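A.B. asks: Please find one structure pasted underneath; my questions will follow.
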Amino acid sequence: MSRRPAVADPEPVLITTTEQLVPLCERLRQEPFVTVDTEFMRERTYWPELCVVQLGGEHDTAVVDALAPGLDLSPLGALLADEHVVKVFHACRQDVEIFVLRYGATPQPLFDTQIAAMVAGFGDQASYDSLARALANASIDKAHRFSDWSARPLSPAQIAYAAADVTHLRRIYVALRDRLAKEGRLDWVAEEMAALIDPATYGTDPETAWEKLRPRTTNRRFLGVLRAITAWREREAQRVNIPRQRLLRDESLLEVAATAPTDAGALARARGVTEGFARGKSGASLLAAIEAAKELPEAELPEAPRERSGPAASPALVALLKVLLAAKAEEHQVAPRLLASSDDLERLASDAPEDLPAVQGWRRKVFGADALALRNGDLSLGVEGRRVRLIRPTGPGRGAAD
């Protein structure tokens, strides 16, 4: 059972000046780890607007007002880049994206407690409040979860709520780190961090954005127009700083690509396109992108997305792999989703791609090798008591259960 620490958590301090931030970051750079969280707004913008940064140390709990006039956040960038200090987040992808945009690099070294919790058997996408209850004996007040963090001044309740995201996180991190070290699984977490510390994870290539729409056609001219206008949407949304779906929704893009309008009147007839948009600056630049795509030579048009080669997966084999996945997740106390996705199982059942994450690294030891053995007929499943057992052949007509 987790216990409360003997020493009370530091009282949160609101940081609004560079003179306050500099010594704080200098102190935190002397610690082995620091907990980090952010509050931001993105509902009305393409780029996330950083409003608050929370930092937790052994003797410091700070809520940094990122919107404070004259505040220089470069000391924070130096802290995040300090390789001697582990930066601990929970579900860090959006937080790290903000820092990549601001500083051009990911915080390193990085530790994500949500991923660590999945490795430690707390289920798929364990929430911060569930881990706080289980590992820090604390409850989270969610009253300010949807606060307007851009409004000023920050209220005492907002400051307390923000601070709780890094104070409890310290105990969560220590508990997970010690547990995973004892079980020899810290290397597993390190493998998962590799993608999160790659800046490319947080970028969007406008020229490949069309692939996410998964168009069901082999018409390369249509695909050429779709590629062009999807790239246009990405760049235009960035330019005017509004969410891409607010600029033009996916279904509108697909219709515009299909009809390839040549003038504002035709563009305005597309679903979700207003007359004002079609006749404005954005509409004109969209029509120019369509025209340029229509003039592309055949050789420069994109290829249709390739269908998966090979025979279709056997539904029965996929079902067996799901049973094996559940059994392995139960045996090793790790979240099934972290071992393999549904798409992974489909691919395993139809072929054995070496680039599949489920058959690489620590996943291969835990699940992938046995999944391949099951697929190839070198392993079977049975039941012993109320548990699934793996049966490996030891001779003609004989098998040994794990």
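The values are calculated or read from the model by the stated rules, or taken from the named source; none is laboratory data. These numbers were taken from a predicted model, which means no experiment stands behind them. No Cβ is skipped: glycine too gets one built from the backbone with ideal geometry, and neighbour counts run over all protein chains shown. The area values use the complete protein model at the heavy-atom level, side chains included, leaving out ligands, DNA and RNA. Shrake-Rupley method; radii C 1.70, N 1.55, O 1.52, S 1.80 Å.
A.B. asks: Using a 1.4 Å probe on the protein chains only, how many percent of the accessible area of the range 191-259 belongs to carbon and sulfur?
C.D. replies: C and S fraction of accessible area: 47 percent.
A.B. asks: Sequence gap at least 6, Cα distance under 8 Å: using those rules, report the relative contact order of the chain to the nearest whole percent.
C.D. replies: 13
A.B. asks: Relative to the present Cα-Cα distance, how much length would full extension add between Asp205 and Lys322 at 0.36 nm per residue of separation?
C.D. replies: Extra length available between Asp205 and Lys322 comes to 38.7 nm.
A.B. asks: Counting only other residues whose beta carbon sits under 11 Å from that of Arg29, what net charge do I get with K and R as +1, D and E as -1?
C.D. replies: Neighbour charge sum, excluding Arg29 itself: -3.
A.B. asks: At Glu11 and Thr217, where each label point lies 7 Å from the Cα along Cα→Cβ, what is the point-to-point distance in nanometres?
C.D. replies: Here the answer is 6.5 nm between the modelled labels.
A.B. asks: Which value, in Å² rounded to 10, gives the accessible area of Phe277 with a 1.4 Å probe and all protein chains present?
C.D. replies: 40
A.B. asks: Right, next: Can you sort Ser147, Ser74 by solvent-accessible area, 1.4 Å probe, largest first?
C.D. replies: In descending accessible area the options line up as Ser74, Ser147.
A.B. asks: Which label belongs to the value computed from this structure, given these candidates for Rg and Dmax of the Cα atoms in Å: (i) 25.8, 78; (ii) 20.9, 66; (iii) 20.8, 60?
C.D. replies: Matching entry in (i) 25.8, 78; (ii) 20.9, 66; (iii) 20.8, 60: (i).
A.B. asks: Just the number please: accessible area per residue for the chain, 1.4 Å probe, all protein chains included, in Å².
C.D. replies: On a per-residue basis, the chain sits at 52 Å².
A.B. asks: Let me ask something additional. Would you mind finding the longest exposed-site-free stretch of the chain, with exposed GluC sites (Glu not before Pro) meaning DSSP loop and at most 16 other Cβ atoms within 10 Å?
C.D. replies: Here the longest segment lacking exposed loop sites spans 184-294.
A.B. asks: What nm distance separates the two modelled labels at Asp148 and Ser130, each placed 7 Å from Cα along Cα→Cβ?
C.D. replies: That separation, rounded to one decimal, is 3.3 nm.
A.B. asks: HN-Hα J couplings of the range 142-149 from phi, Karplus 6.51/-1.76/1.60, θ = phi - 60°, integer Hz, Gly and Pro as x?
C.D. replies: Here the 3J(HN,Hα) series is 8, 4, 10, 4, 10, 5, 7, 6 Hz.
A.B. asks: In the range 8-123, carbon and sulfur make up what percent of the accessible area (probe 1.4 Å)?
C.D. replies: 51
A.B. asks: Compute the length gained on full extension between Ala105 and Val22: take 0.36 nm times their separation in residues and subtract their Cα-Cα distance, giving the result in nm to one decimal.
C.D. replies: 27.9 nm
A.B. asks: Report, in whole Å, the centroid distance computed from the Cα atoms of the range 86-159 and the range 206-248.
C.D. replies: Cα centroid of the range 86-159 versus Cα centroid of the range 206-248: 31 Å apart.
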